[in-house]
1. Any idea how many residues of the range 123-142 are crowded, with 19+ Cβ neighbours inside 10 Å and either closer than 18 Å to PRO204 by Cα or without any contact (Cβ under 8 Å) to a residue 60 or more places away in the chain (or both)?
2. Being within 14 Å of ligand 1 (Cβ to nearest atom), in contact with a Pro (Cβ under 9 Å, 6 or more places away or on another chain) and not charged (D, E, K, R) is the filter here; which residues of the range 173-191 pass it?
3. Which residue out of ALA78, ALA92 is more than 11 Å from ligand 1 (Cβ to nearest atom), modelled with pLDDT of 95 or more and within 20 Å of the chain's Cα centre (by Cα)?
4. So which residues in the range 26-36 are within 14 Å of ligand 2 (Cβ to nearest atom) and not in a strand (DSSP E or B)?
5. Could you please find all residues in the range 311-324 being surrounded by 15 or more Cβ atoms within 10 Å (Cβ to Cβ) and over 16 Å from ASP274 (Cβ atoms)?
6. Can you go through GLY181, GLY176, GLY200, GLY151 and tell me which one is within 19 Å of the chain's Cα centre (by Cα) and at pLDDT below 95?
7. Have a look at ALA22, ALA44 and point out the one that is out of contact with any Lys or Arg (no Cβ under 6 Å at 6 or more places or on another chain), hydrophobic (A, V, I, L, M, F, W, C), at pLDDT 95 or above and within 14 Å of PRO141 (Cβ to Cβ).
8. Which residue pairs have Cβ atoms closer than 7 Å, lie 6 or more positions apart in sequence or on different chains, and pair a first residue in the range 93-105 that is over 15 Å from ASP73 (Cβ atoms) and of a type in the set (Val, Ile, Thr) with a second residue that is near ligand 1 (Cβ under 10 Å from one of its atoms) and part of a loop (DSSP other than H, G, I, E, B)?
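The values are calculated or read from the model by the stated rules, or taken from the named source; none is laboratory data. Just so it is clear, the structure is predicted and the values come from calculations on it, not from any experiment. Counting neighbours? That spans all protein chains shown, and the Cβs are built from the backbone with ideal geometry, glycine included.
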Amino acid sequence: MKMCDNMKTEILTDSADGIARAGELLRSGSLVAIPTETVYGLAANALSSQAVSSIFAAKGRPQDNPLIVHISDISELAALVTDIPENALTLAEAFWPGPLTMIMKRSGIVAPEVSCGLDTVAVRMPSHKTAAAIIKSAGVPLSAPSANLSGKPSPTTARHVLDDMDGRIAAVLDGGECSVGVESTVISLCSETPRLLRPGAVTPEMIESCIGHIDIDPAVTDRLQNGAVAASPGMKYKHYAPKAEVWLVRGSLDSFAGLCRDEKSGGVMALCFDGEGGRLGVPFVEYGGANDPLSQCRGLFSALRTLDELGAVKVFARCPEQDGAGLAVYNRLARAAAFRIIDLR
Ligand code: TXA
Ligand code: MG
């Protein structure tokens, strides 16, 4: 598809009219950015090759990075997959609607471009009321990646979407700030043992309490080794990155403050926990409570975008814990830092 960069992007309100207009645009094959509880998604009719292809063009997304299909009711699942594994029903019962994506064997109904040649499809039922209403209004399942330019932090407000996508998509529906703030947990149910491919607000502990032991893909916490095949193609790309060079710093607040002071003349900025900034002696952005990983999830992407707006060149970031929802924060921040880590412990 030829990329049209001077389209007028409509801003729709979170109302019956806005939802109806979003549904109409989606049915006609256009791209609409929609709010979900995780991040804003760039939605298109998942049954239309033309509509799905235009997502890749608008985002500059690599052609081998598959998309998640969004449904509004569990009854819509059966048509998308060859069969529904037992574990999927158990997890759907526990976490749908909500921030969990499950990968299953795909049927022929979804446009092949959604799965990028894989024989699987990722499916999620969002809990955001407006997202569900838009899917219903469109009358088709919607494929939707995060509504950012490829490589940028995911958008958690309509403003973030417009910063990246204004003129490139038909519309954005402004549903306010996303309540979770990081993308959904992605789990594959296609292997013998279920495998976590991307951590999110539905934690490994929560999943294991329902279906027993799961494997955690090594790419969740570590850089993919050269030549390794990514279980989730999205994991091999540079991600969530602001323009600045980000360094993830492990250690106490005191040692972090010392590092900031030492590097002050180099134009360093800090990405730190709430209430810490005043102690650092460098410009800072706070991204959540030190012991509150859910608040870190909510604040992280917005904080990364703010650092860009402040013109940050080099950023030292306080490292989150790696358990519970902290694993989701660590996963995004390690990628934003391209796995540059300073250990002061
Ligand atoms: O919370 C979310 O999941 C958001 C909202 C909009 O729902 N969407 C989202 O989509 O984060 P996206 O495209 O940014 O991330 C989808 C991830 C990618 O890492 C992709 O590689 C992986 O899911 N994925 C999708 N289909 C897959 C499949 N069939 N097999 C393996 N990984 C898959
Ligand atoms: Mg994304």
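1. Counting residues in the range 123-142 that are crowded, with 19+ Cβ neighbours inside 10 Å and either closer than 18 Å to PRO204 by Cα or without any contact (Cβ under 8 Å) to a residue 60 or more places away in the chain (or both) gives 3.
2. LEU173, GLY175, CYS178, VAL180, VAL182, SER184, THR185, VAL186, ILE187, SER188, LEU189, CYS190
3. Working: ALA78 fails: within 20 Å of the chain's Cα centre (by Cα).
Checking each option against the conditions leaves just ALA92.
4. Listed by number, the list holds a single entry, THR36.
5. If the condition is that a residue be surrounded by 15 or more Cβ atoms within 10 Å (Cβ to Cβ) and over 16 Å from ASP274 (Cβ atoms), then ALA312, VAL315, PHE316, GLN322, GLY324 are the ones that fit.
6. That would be GLY151, the only listed residue that is within 19 Å of the chain's Cα centre (by Cα) and at pLDDT below 95.
7. Selected residue: ALA44, the only one of ALA22, ALA44 that is out of contact with any Lys or Arg (no Cβ under 6 Å at 6 or more places or on another chain), hydrophobic (A, V, I, L, M, F, W, C), at pLDDT 95 or above and within 14 Å of PRO141 (Cβ to Cβ).
8. Correct list of pairs: THR101/SER184; ILE103/CYS190.
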